[in-house]
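To keep things clear, I will list the structure first and then write my remarks on it.
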Amino acid sequence: MSNSLGLLQSTMSRSPVLHRLSLLRPSTLVPCRFKGHLLPHRKPRWIPPAKSKVFVLPPPDHTPESENTLMNELVVNYNERLSGVTQYLYEDFLRFSDVGEVGRIEAAKEAEEHRARVAENDRENARIVEARKQRMAQELEDKKRRAQENLEAIQTADQARIRDLEERVQRETAILQNAVTKENLDAKIEEALANPVDHEYAIDTEGHIYYGRYTASNDVPENQRIKIPVPKNEMDFLTSDDDAQLEHES
Amino acid sequence: MPLLEGVSPIRRTLPYLQAGKLVFKDRVKVMTLNYRVDERAEVIRKHRLAHPVNVNDPNVFQQRPWYIQSHPAHHGIQAFDHWNVPQIQYKNPHIQIASFKNQAPAPFIACYMDDGEEVLFDVDNHTSTQILDRLIKVLGKSEETLALEALAAEKKDNPANFGKNCSRFCICNVPGQVPCPSLVPLPKHWRGKYHHGFEDEDD
């Protein structure tokens, strides 16, 4: 046996082709231990239940579901905790027991370094806290300044609005002084009759306007013709004050 | 490869995850991030099915005005959570990472050690790079340690090794070595019961 095994092994190690073809390749090997000793000890899968046991039902389980859940939870919790403890002990073992005194010294050194870095980090944190305080104070100042600026802008706008309104009131008052009342009605009528106003005008396709009922447009020289006043843009026209417009025209 | 969907899907690619620099020391167990985000953005994020047109509809989002607003000082840690935390989680699979939003006024990171020690990082006005550098400096493994550990991991991959977690479980798989006795019985004169004369070799 030993001779044949040795021969086989030496042949295989010499020739890769033989090794590839050999029956001794691991994928083709069949364990021979227990051969003929360990017998199969259950019914083959294709044999049905015994006739006397076909209608025997398994006993029903009346355990409440809550109890099963509780038991499951307990088992899971136990396993989790135990695995955690095991993991901790394993890590502890790796850290200390494995290399003995050297590991202890290494761990102490590492802990010392960790403490130093954490202390450095704490100093950095203190610096950042100080910087944040300054920043927040600065932001508060900015906020106050902005609020003050807004307030001032609103006040300025209010003042401008009030000024405009006052001007308008004065303008209206001035107009009202020429208004027709019962007292000066006759005088106004006489004045109007004495000064008739000619509202007639004509325009041409080139945008000229010719005031007066009796104006002959063809007789007006080119350089004396008046262009129809046009607002610069439509918005000016829409937002302009009627009185101002009238004043502009007159 | 399927389509990558969602926000910044590059974060879920393997090359990106493997490019992370931060590997925590063994003592670090938990990392928590605290920062503020815009309340409105958070509500919109929760209502993902809302039509984008309706996002500005006050009837859809009744909660107005939005009192909690993010500050520029929090933008760094927001970016850190978005871009760096996936890499950190990939590189440190046994560390728990949690983000708490709008729970504290200041942005900070708290790390908890195995002995219950708490290490705080105030990251006000930091960029994400600064945060990462600080974490690496204080709680990360040094490059020398990482190189040594990589070397130790490589040693397990040595093809000459055999046993558990190696390329071959048993030396008998190597041509020229003695096969396992379960596959080919040992020569009789190597076996004790024949060697010591309890059994006869000729049987």
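If only one of B:VAL123, B:VAL138, B:VAL119 is in contact with a Leu (Cβ under 7 Å, 6 or more places away or on another chain), within 30 Å of B:HIS75 (Cβ to Cβ) and at the interface with another protein chain (Cβ under 9 Å from one of its Cβ atoms), which one is it?
B:VAL119
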Notebook entry, point to check: How many of the residues in region B:170-187 are at pLDDT 85 or above, among the aliphatic types (A, V, I, L, M) and farther than 20 Å from B:PRO159 by Cα?
Noted result: 2
Check: Within region A:102-120, can one find any residue that is surrounded by fewer than 11 Cβ atoms within 10 Å (Cβ to Cβ) and over 30 Å from B:ARG27 (Cβ atoms)?
Finding: no
Next item on the list: Please find, among A:GLN159, A:GLN138, the residue that is closer than 25 Å to B:PHE108 by Cα, surrounded by 10 or more Cβ atoms within 10 Å (Cβ to Cβ) and not β-branched (Val, Ile, Thr).
Entry: A:GLN138
Check: Which of the residues belonging to region B:141-158 are within 14 Å of another protein chain (Cβ to nearest Cβ), of a type in the set (Asp, Glu) and over 30 Å from B:PHE169 (Cα atoms)?
Finding: B:GLU144
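For region B:189-203, what are the residues that are in contact (Cβ under 8 Å) with a residue 12 or more places away in the chain and out of contact with any Phe, Trp or Tyr (no Cβ under 7 Å at 6 or more places or on another chain)?
Across region B:189-203, the qualifying residue is only B:HIS189.
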Note to self: What are the pairs with Cβ atoms under 8 angstrom where one residue, in region B:159-187, is within 8 Å of another protein chain (Cβ to nearest Cβ) and the other, located anywhere, is surrounded by 14 or more Cβ atoms within 10 Å (Cβ to Cβ) and of a type in the set (Ser, Thr, Tyr)? Sequence gap at least six, or different chains.
What the structure shows: B:PRO175/A:SER13; B:GLY176/A:SER13
Notebook entry, point to check: Just wondering, is there one or more residues in region A:153-165 that are within 14 Å of chain B (Cβ to nearest Cβ) and out of contact with any helix residue (DSSP H, G or I) (no Cβ under 6 Å at 6 or more places or on another chain)?
Noted result: no
Check: Before we move on, is A:GLN134 modelled with pLDDT of 95 or more, assigned to a helix (DSSP H, G or I) and within 14 Å of chain B (Cβ to nearest Cβ)?
Finding: yes
Note to self: So the check is Cβ under 7 Å with 6+ separation or different chains; which pairs have a first residue in region A:111-124 that's over 16 Å from B:ASP114 (Cβ atoms) and a second one that's among the hydrophobic types (A, V, I, L, M, F, W, C) and in a helix (DSSP H, G or I)?
What the structure shows: A:ARG117/B:VAL138; A:ASN121/B:VAL138
Item checked: Condition broken by A:LYS227, with the remaining ones in (1) in contact (Cβ under 8 Å) with a residue 60 or more places away in the chain; (2) loosely packed, with under 10 Cβ neighbours inside 10 Å satisfied -> (1)
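The values are calculated or read from the model by the stated rules, or taken from the named source; none is laboratory data. Everything quoted here is computed from the prediction, not taken from an experiment. Backbone-built Cβ (ideal geometry, glycine too); neighbour counts: all protein chains shown.
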